[in-house]
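Asker: I have a structure I would like to understand better, so I am pasting it below and will then ask my questions one at a time.
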Amino acid sequence: MASGTGQQHPIRLYLTVWTLLFVLSTLSYLVDYFHFYGYLRWSLIILLMVMKAGLIVAVFMHMAWERLALVYAILLPPLSLLVLMGLMAIEADYTFGTRMLFFH
Amino acid sequence: MSAHLHAPTETSAPAAASLAPSPAGWRGLVADWASDEQAFHVSWGKAMMWIFLLSDTFIFSCFLIGYMTVRMAVTVPWPDPSEVFSLTVGGARLPLLLIAIMTFVLISSSGTMAIAVNFAYRRERVPAAALMLVTAALGATFVSMQAFEWSKLIAEGVRPWGNPMGAPQFGSSFFMITGFHGLHVSAGVIYLLTVAIRVLRGRYEAGGNYQVVEIAGLYWHFVDLVWVFIFALFYLW
């Protein structure tokens with residue numbers, strides 16, 4: 001699929017992804033409905049979230065057919081946010097400890 | 001415009017390029033930095049939309065990481081979203097019902113948008129514009145349901161600085177994250193309406209280039225994508 005021109009894909013593919021997104025959303029709703037807790041809940045939420053995000057970016061936003069130069073320029077920089085997430089988790093942990101020590 | 005994509009810039013022949021004087025001022029600055037090179041072999045419109053969406057990814061991620069930080073640091077219980085966002089239908093209390101419906105509405109709007117892009121590239125502008133209008137209508141439905149949800153929570157006493165259910169940070173995170181997302185949906189509805197009307201009027205018929213629809217679609221799918229993360233990390237966590 002030439003990326004210089006437009007992205008044209010069969011409607012059937014879009015309908016399939018649409019259906020899959022409905023199924024995955026229903027599953028993530030059921031995680032809450034059936035009161036799953038702890039690591040089972042968190043891993044299911046993350047798994048379903050990543051699958052839905054992947055389908056939207058790859059098919060609806062056509063990333064699966066774009067040139068690698070564009071794909072990497074867009075998808076790699078957000079990984080640096082994981083560093084921020086790690087730093088803020090440490091910070092939050094410290095804040096929590098301080099609060100427990102001085103305000104409880 | 002993709003017609004100008006591979007057009008020569010200042011000089012037409014490569015031999016003349018070294019002899020021709022470089023342009024001065026802002027034009028020169030752009031020419032020097034661009035070096036007459038093109039990194040991404042897509043239209044400038046698509047490249048710029050992707051770069052904008054990348055910057056927006058950072059904004060939403062900062063909100064969500066900020067939310068993670070305050071939620072990890074609270075010493076009082078975080079309000080249970082499953083309870084806070086439940087609706088009572090016919091005497092039965094259903095957890096997260098409205099949020100689930102909002103999710104399905106937004107996914108459906110992404111579906112109709114994707115199909116609109118397909119019709120646009122086949123130059124069937126009436127079905128393309130009609131599907132874009134359906135997408136905009138679903139987006140407006142989403143924002144209306146969000147307005148209902150906000151009113152309900154405000155009536156229950158949820159404020160950015162406190163709420164009766166637990167940790168005060170719940171309100172500020174909720175209003176900030178869903179408010180910014182709702183703003184994106186509202187802007188997207190206006191954006192889609194604008195492009196749909198232009199498509200319907202035949203503005204792109206002369207050039208035959210319907211990539212504007214795909215680019216508008218990129219923005220719309222991004223709004224749906226952000227909701228996937230908000231739904232998982234704020235409502236379900």
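The values are calculated or read from the model by the stated rules, or taken from the named source; none is laboratory data. If you're wondering where the values come from, they're calculated on a predicted model, not measured in any experiment. As a convention, Cβ positions derive from the backbone with ideal geometry for all residues, glycine included, and neighbour counts pool all protein chains shown.
To keep it simple, each residue is scored yes or no on (1) assigned to a helix (DSSP H, G or I); (2) crowded, with 19+ Cβ neighbours inside 10 Å; (3) more than 8 Å from chain A (Cβ to nearest Cβ).
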{"position": "B:Leu183", "(1), (2), (3)": "yes, no, yes"}
{"position": "B:Ser186", "(1), (2), (3)": "yes, no, yes"}
{"position": "B:Thr194", "(1), (2), (3)": "yes, no, yes"}
{"position": "B:Arg198", "(1), (2), (3)": "yes, no, yes"}
{"position": "B:Ala206", "(1), (2), (3)": "no, no, yes"}
{"position": "B:Val228", "(1), (2), (3)": "yes, yes, no"}
{"position": "B:Leu233", "(1), (2), (3)": "yes, no, no"}
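Asker: Could you pull out the residue among A:Ile90, A:Ile74 that is within 20 Å of the chain's Cα centre (by Cα) and either closer than 24 Å to B:Leu106 by Cα or not assigned by TED's automatic domain parsing to the domain that holds A:Val17 (or both)? Reasoning before the result, please.
Answerer: Values: A:Ile90 fails: within 20 Å of the chain's Cα centre (by Cα).
From the options A:Ile90, A:Ile74, the qualifying one is A:Ile74.
Asker: Then there is this: Considering only residues that are in a helix (DSSP H, G or I) and either crowded, with 16+ Cβ neighbours inside 10 Å or polar (S, T, N, Q) (or both), which ones fall in the range B:78-91? Reasoning before the result, please.
Answerer: In the first step, residues of the range B:78-91 are kept if they are in a helix (DSSP H, G or I); the result is B:81-84.
Of everything in the range B:78-91, those that are in a helix (DSSP H, G or I) and either crowded, with 16+ Cβ neighbours inside 10 Å or polar (S, T, N, Q) (or both) turn out to be B:Pro81, B:Ser82, B:Val84.
Results for (1) assigned to a loop (DSSP other than H, G, I, E, B); (2) within 11 Å of another protein chain (Cβ to nearest Cβ); (3) at pLDDT 95 or above, shown as yes or no for each residue.
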| residue | (1), (2), (3) |
| --- | --- |
| B:Val76 | yes, yes, no |
| B:Arg93 | no, no, no |
| B:Ile101 | no, yes, no |
| B:Thr135 | no, no, yes |
| B:Gly139 | no, no, yes |
| B:Gln146 | no, no, yes |
| B:Leu153 | no, no, no |
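Asker: Being among the charged types (D, E, K, R) and surrounded by 15 or more Cβ atoms within 10 Å (Cβ to Cβ) is the filter; apply it to the range A:1-52 and report the residue that is farthest from the other protein chains (Cβ to nearest Cβ).
Answerer: Across the range A:1-52, the extreme among qualifying residues is A:Arg41.
Asker: Another question, then. For residues that are in contact (Cβ under 8 Å) with a residue 40 or more places away in the chain and under 24 Å from A:Leu79 (Cα atoms), tally how many sit in the range B:21-51.
Answerer: 3
Asker: Can you work out which of the residues in the range B:83-101 that are in contact with a helix residue (DSSP H, G or I) (Cβ under 8 Å, 6 or more places away or on another chain) and free of Cβ contacts under 8 Å to residues at least 60 places away in the same chain is farthest from A:Ile56 (Cα to Cα)? Working first, answer last.
Answerer: In the first step, residues of the range B:83-101 are kept if they are in contact with a helix residue (DSSP H, G or I) (Cβ under 8 Å, 6 or more places away or on another chain); the result is B:84-87, B:89, B:95-96, B:98-101.
Right, trim to free of Cβ contacts under 8 Å to residues at least 60 places away in the same chain and you get B:86-87, B:89, B:95, B:98, B:100-101.
Values: B:Ser86: 27, B:Leu87: 29, B:Val89: 32, B:Pro95: 26, B:Leu98: 22, B:Ala100: 18, B:Ile101: 19 Å.
Result: B:Val89.
Asker: Cβ-Cβ distance below 7 Å, separation of 6 or more or different chains: which pairs start in the range B:112-126 with a residue that is at the interface with chain A (Cβ under 7 Å from one of its Cβ atoms) and end on one that is of a type in the set (Gly, Ala, Ser) and in a loop (DSSP other than H, G, I, E, B)?
Answerer: From the range B:112-126, the pairs are B:Tyr121/A:Gly6.
Asker: Of all residues in the range A:53-65, which are facing another protein chain (nearest Cβ under 7 Å) and out of contact with any His (no Cβ under 7 Å at 6 or more places or on another chain)?
Answerer: As a first pass, look at the range A:53-65 and keep what is facing another protein chain (nearest Cβ under 7 Å): A:53, A:56-57, A:60-61.
A:Ala53, A:Val57, listed by residue number.
Asker: I've got another one for you. Taking the residues in the range B:208-220 that are in a loop (DSSP other than H, G, I, E, B) and at the interface with chain A (Cβ under 10 Å from one of its Cβ atoms) as candidates, determine which candidate is surrounded by the most Cβ atoms within 10 Å (Cβ to Cβ). Before you say what the answer is, go through the steps one by one.
Answerer: First, pick out the residues of the range B:208-220 that are in a loop (DSSP other than H, G, I, E, B): B:208-210.
When the remaining residues are screened for being at the interface with chain A (Cβ under 10 Å from one of its Cβ atoms), the result is B:209-210.
Numbers: B:Asn209: 19, B:Tyr210: 24.
So, considering only residues that are in a loop (DSSP other than H, G, I, E, B) and at the interface with chain A (Cβ under 10 Å from one of its Cβ atoms), the one surrounded by the most Cβ atoms within 10 Å (Cβ to Cβ) is B:Tyr210.
Asker: Tally the residues that are touching a residue at least 12 places away in the same chain (Cβ under 8 Å) and assigned to a helix (DSSP H, G or I), restricting the search to the range B:58-74. It would help to see each step written out before you state the result.
Answerer: As a first pass, look at the range B:58-74 and keep what is touching a residue at least 12 places away in the same chain (Cβ under 8 Å): B:59-60, B:63-64, B:66-68, B:70-71, B:74.
Right, trim to assigned to a helix (DSSP H, G or I) and you get B:59-60, B:63-64, B:66-68, B:70-71.
Result for the range B:58-74: 9.
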